[in-house]
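The structure under discussion appears below in the form of structure tokens.
The values are calculated or read from the model by the stated rules, or taken from the named source; none is laboratory data. Quick caveat: nothing in here was measured; it's all calculated off a predicted structure. Neighbour counts run over all protein chains shown; Cβ positions are idealised from the backbone, glycine included. Just so you know, the surface numbers come from the protein's heavy atoms only, side chains and all, with ligands and any DNA or RNA stripped out. Shrake-Rupley method; radii C 1.70, N 1.55, O 1.52, S 1.80 Å.
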Amino acid sequence: MSGLALRAAASVRSPQGRAPEGVPAALDYFRDLLTPFGEKPDEELLSRGPHVHHRDLVDLLVADEAVGRSRPELAIVAHALPDVVPFTAVAPHLTEQLGGRAVNFAIGQQGLAAPFTALRIASAYHRSGRAAEVVIAVLEQTTLPTPLPLPQETPLTDSAAALVLGASTGEGLGFVRAHAAGSAAAALGRELGENGKDREDGEDGTLLVLGPWVTEDVPDHGAVHRVAPGSYCTSLWLELADHWQEWQRDFRRIVLCDTDPRSGRSHVALFAAPAAPAGSGA
């Protein structure tokens with residue numbers, strides 16, 4: 001069976017929030033959750049956030065025509081930060097908006113690794129014949145009960161991206177693999193090192209997309225697109241959703257990489273265009 005290819009995508013940035021609701025009940029939950037660890041929720045922090053729920057982000061993604069007309073057999077929600085109100089099941093809500101027949105679940109508590117894990121699971125489902133079409137929704141909301149243990153000088157923005165993947169038929173940006181390593185250089189070595197240079201001008205048709213948390217030196221490469229700060233786990237996928245069509249026209253391979261600032265592990269996903277000329281930049 002052929003692999004999965006990106007067929008459509010959508011992105012959402014800084015949507016309109018809502019008035020705080022359900023805060024007392026959420027506070028009781030967070031007190032029970034945090035007290036055993038010697039912490040307590042910050043009521044002021046929770047109240048002054050934008051209160052963009054995961055369901056809100058899903059609804060905005062599905063409002064995009066290309067995503068909304070998808071009828072997947074598998075729907076995955078990936079997130080690094082919890083929902084505003086921790087009592088909702090968002091993956092079934094996504095499925096309901098997309099025909100109601102998909103196996104669905106969420107992946108969390110993996111930091112920015114969650115979307116990479118989602119891609120690997122989607123690929124395995126497809127190879128086994130259980131999912132001809134897959135939708136992955138990567139969600140990030142920033143109303144939190146405690147300060148985020150990330151650099152305080154990097155404010156985060158509510159955002160989301162959806163990827164619609166189907167069987168590769170020679171069109172669309174094909175997903176090849178995703179993996180992790182202890183550093184960005186090590187993670188990228190497999191993708192940039194094994195391919196080598198296959199053109200006289202030194203370009204191999206590869207675009208390297210670096211997330212905002214990659215701060216170390218990485219292997220030299222001509223075509224590099226650096227993602228601006230503002231997200232913990234959605235950054236790469238927002239850029240992919242916005243640019244995948246032009247990228248597949250200009251490049252043969254697209255390598256996405258980011259480093260989780262909490263774990264220090266780097267994650268890479270490789271996509272391949274069906275047939276594209278080597279590009280010279282991004």
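Could you rank 234, 88 by how accessible they are, 1.4 Å probe, largest area first?
Values: 234 0, 88 70 Å².
Heavy-atom accessible area, descending, gives 88, 234.
Would you pull out the residues with amide H under 5 Å of residue 263's amide H, same chain only if 5 or more places away, H placed 1.01 Å from N?
For residue 263, no residues qualify.
If only Cα atoms are counted, what is the Rg of the range 18-92, and what is its Dmax, in Å?
Gyration radius and largest Cα-Cα distance of the range 18-92: 15.3, 47 Å.
Take every Cα pair under 8 Å in the range 16-110 that's 6+ residues apart, average their separations, divide by the length, and report that relative contact order as a whole percent. Intermediate values should be presented prior to the final figure.
Working: 105 pairs, mean separation 26.6, N = 95.
Relative contact order here is 28 percent.
Tell me the carbon and sulfur percent of the accessible area for the range 36-109, rounded to whole percent, probe radius 1.4 Å. Can you show the working numbers first?
Details: 1780 of 3690 Å².
Result for the range 36-109: 48 percent of the exposed heavy-atom area is carbon or sulfur.
For helix 114-127, report the angle its Cα long axis makes with the longest principal axis of the Cα atoms of the chain; keep it between 0 and 90° and round to the nearest 10°.
60 degrees
State the antiparallel share, in %, of DSSP beta bridges confined to the chain, rounding to the nearest 5. Walk me through the numbers on the way to the answer.
On the way: 33 of 52 bridges.
Approximately 65 percent, going by the DSSP bridge assignments.
Give me the one-decimal nm value for the distance between modelled label points at residue 14 and residue 171, 7 Å along each residue's Cα-to-Cβ direction.
Taking the two extended label points, one gets 3.5 nm.
Just from the alpha-carbon atoms, what are the Rg and Dmax of the range 1-154 in angstroms?
Cα only, the range 1-154: 16.9, 53 Å (Rg, Dmax).
Could you do me a favour and compute the accessible area per residue for the chain, 1.4 Å probe, result in Å²?
Working: 12370 Å² over 282 residues.
Per-residue value: 44 Å².
Rounded to two decimals, what ratio of Rg to Rh does the range 143-183 give with C-alpha atoms and a Kirkwood Rh? Write out the running numbers ahead of the final one.
Numbers: Rg = 17.3 Å, Rh = 15.0 Å.
Rg/Rh for the range 143-183 comes to 1.15.
Can you give the angle from 0 to 90° between the axis of helix 23-34 and the longest principal axis of the chain, with both taken from C-alpha atoms, to the nearest 10?
With both axes taken from Cα atoms, the answer is about 70 degrees.
Would you kindly find the accessible area of residue 45, with a 1.4 Å probe and non-protein molecules such as ligands, DNA and RNA excluded, rounding to the nearest 10 Å²?
Residue 45 exposes around 40 Å² with every protein chain in place.
Can you give me the Rg/Rh ratio for the chain, using Cα atoms for both radii and the Kirkwood formula for Rh?
Working: Rg = 19.1 Å, Rh = 19.4 Å.
For the chain, the value is 0.98.
Just grab the label-to-label distance for residue 88 and residue 33, each label 7 Å out from Cα along the Cβ direction, in nm (one decimal).
1.4 nm
If I model a spin label as a point 7 Å beyond the Cα along the Cα-Cβ vector, how far apart are those points for residue 105 and residue 246 in nm?
3.8 nm
Are there GluC sites (Glu not before Pro) in the range 9-49 that DSSP puts in a loop and that have at most 13 other Cβ atoms within 10 Å, and which ones? It would help to have the intermediate numbers written out before the result.
Values: sites: 21, 39, 43, 44; in loops: 21, 39.
Within the range 9-49, the qualifying GluC sites (Glu not before Pro) (loop, at most 13 other Cβ atoms within 10 Å) are 21, 39.
Given that compact globular proteins tend to follow 2.2 N^0.38 Å, what is the ratio of the alpha-carbon Rg of the range 98-168 to that value? Write down the numbers at each step before the final one.
Values: Rg = 15.1 Å, N = 71, 2.2 N^0.38 = 11.1 Å.
Cα Rg divided by the expected 2.2 N^0.38 Å: 1.36.
Taking only DSSP H segments of four or more residues, each worth -39500 (n - 2.57), what value at 222 nm results for the chain once the sum is divided by all its residues, to the nearest 500 deg cm²/dmol? If you can, show how the numbers build up before the last one.
Details: 8 runs with 74 residues, N = 282.
Rounded to the nearest 500, the figure is -7500 deg cm²/dmol.
Rg and Dmax in Å for the range 114-265, alpha carbons only: what are they?
Over the range 114-265's Cα set, Rg and Dmax evaluate to 16.3, 55 Å.
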